[in-house]
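S.K.: Dropping a structure here in structure tokens format, bear with me for questions.
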Amino acid sequence: MKVYDKLIKLAKHQASYFCLLDPDKIDKQQARKHATACEVNGADGILVGGSLMLNNNFDENLKAIKESVSIPVIIFPGIFNFVSPHADALLLLSVVTSRNPQMLIGEQVRAAPLIRYYKLEAIGTAYMLIESGNNTSVHYMSGSFPIPRTKNDIAIAHALASEYLGFKLLYLDAGSGAQYSIPDTMIREIKKNVSLPLVVGGGIKTPEEAAEKANAGADFIVTGDILEKQWDVQLIKDIAAAVHSVKR
Ligand code: 1GP
């Protein structure tokens with residue numbers, strides 16, 4: 001079964017939880033250890049990626065992660081050179097809140113031939129950047145102007161356009177390490193207006209906050225930074241349980 005179909009099947013029953021691992025910030029041993037802990041403690045998938053690539057261990061770490069778990073391992077690419085055969089799928093992101101052609105289609109054109117070469121499953125994902133109280137790496141690196149937190153109408157218009165354009169997933173991101181996560185009201189409004197499965201991440205710090213986002217309509221919750229700051233297996237377990245408690 002394709003990863004996308006697995007994800008949709010999951011989302012029909014309950015909200016799901018993805019751990020985000022940044023290969024720049026871990027070594028191969030940690031990659032194995034962290035990935036295993038994510039799976040054992042209830043994560044439904046592992047996203048691997050970041051805004052930059054600071055060293056050449058992306059492939060090696062991704063392979064270690066893939067070999068350690070049976071849940072889907074999905075590349076969350078910053079730029080086109082994140083394409084690798086050692087994953088189950090790749091979120092082919094277009095930063096739809098950007099007006100920079102490189103982020104809308106340029107990076108994807110560079111990535112596409114290698115995606116085909118590796119026979120990697122690409123999941124066309126509309127990526128919406130929302131103001132988060134601070135300037136995160138993705139704000140800076142994508143050169144994009146985030147949607148203000150209170151402008152639900154603008155967010156809905158972007159979500160609708162993404163649905164009409166045929167994207168398969170909608171990712172609402174406040175950016176890694178965001179001061180504020182995506183407002184619940186914005187998630188709720190978007191959920192009311194589009195039928196695309198919703199991924200929500202950026203600045204989620206507690207199980208309660210994760211459950212709030214899922215209750216507001218997020219199908220998939222992503223956390224990365226909180227576990228990078230302090231690796232805490234119990235927190236993974238608690239977030240997974242909180243997210244899974246939200247049934248559809
Ligand atoms: C970032 O949505 C992800 O792109 C996760 O955000 O690292 O803040 O959890 P955090």
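The values are calculated or read from the model by the stated rules, or taken from the named source; none is laboratory data. Every value quoted in this text rests on a predicted model; they were computed, and no experiment measured them. Neighbour counts are summed over all protein chains in view; Cβ atoms, including those assigned to glycine, are modelled from backbone coordinates with ideal geometry. Protein only, heavy atoms only, side chains kept; ligands, DNA and RNA dropped before computing areas. Shrake-Rupley method; radii C 1.70, N 1.55, O 1.52, S 1.80 Å.
S.K.: In the P(r) worked out for segment 3-244, what percent of Cα pairs fall beyond 29 Å?
M.R.: Cα-Cα pairs of segment 3-244 separated by over 29 Å account for 19 percent.
S.K.: To continue, here is another question. When only DSSP loop residues count, what trypsin sites (Lys or Arg not before Pro) in segment 126-219 have their Cβ near at most 12 other Cβ atoms within 10 Å? Walk me through the numbers on the way to the answer.
M.R.: Details: sites: ARG149, LYS151, LYS168, ARG188, LYS191, LYS192, LYS205, LYS213; in loops: ARG149, LYS151, LYS168, LYS205.
When the trypsin sites (Lys or Arg not before Pro) of segment 126-219 are filtered for loop state and at most 12 Cβ neighbours within 10 Å, nothing remains.
S.K.: Now for a separate question. When the helix-only estimate is applied to the chain (DSSP H runs of n ≥ 4, each -39,500 (n - 2.57), divided by the residue count), what is the mean residue ellipticity at 222 nm, nearest 500 deg cm²/dmol?
M.R.: Mean residue ellipticity at 222 nm (helix-derived): -12000 deg cm²/dmol.
S.K.: Which of ASP59, ASP219, ASP22 moves most in a GNM of the chain, Cα contacts under 10 Å?
M.R.: ASP59
S.K.: What is the distance, in nm, between label points placed 7 Å from the Cα along the Cα-to-Cβ direction at ASN100 and at MET141?
M.R.: Calculated label separation equals 1.1 nm.
S.K.: Same structure again: For MET141, MET1, write out the residues from largest to smallest accessible area, computed with a 1.4 angstrom probe and no ligands counted.
M.R.: Descending accessible area places them as MET1, MET141.
S.K.: Also, quick follow-up: Give me the tail of P(r) for segment 1-117 as a percent: Cα-Cα pairs with distance above 24 Å. Write out the running numbers ahead of the final one.
M.R.: Values: 1861 of 6786 pairs.
Of the Cα pairs, 27 percent sit more than 24 Å apart.
S.K.: Take every Cα-Cα pair in segment 108-248 and report what % of them are more than 26 Å apart.
M.R.: Pairs farther apart than 26 Å: 26 percent.
S.K.: Okay, which of segment 65-79 sit inside 14 Å, backbone N to the point 7 Å along the Cα-Cβ direction of MET1?
M.R.: Backbone N within reach: 71-72.
S.K.: Where both residues lie in the chain, what percent of DSSP beta bridges are antiparallel, nearest 5? Present the calculation step by step, with values, prior to reporting the outcome.
M.R.: Values: 1 of 35 bridges.
Here the share of antiparallel DSSP bridges comes out near 5 percent.
S.K.: Considering the chain as a Gaussian network with a 10 Å cut-off on Cα pairs, which listed residue, SER98, SER132, SER70, attains the greatest mean-square fluctuation?
M.R.: Top of the fluctuation ranking is SER70.
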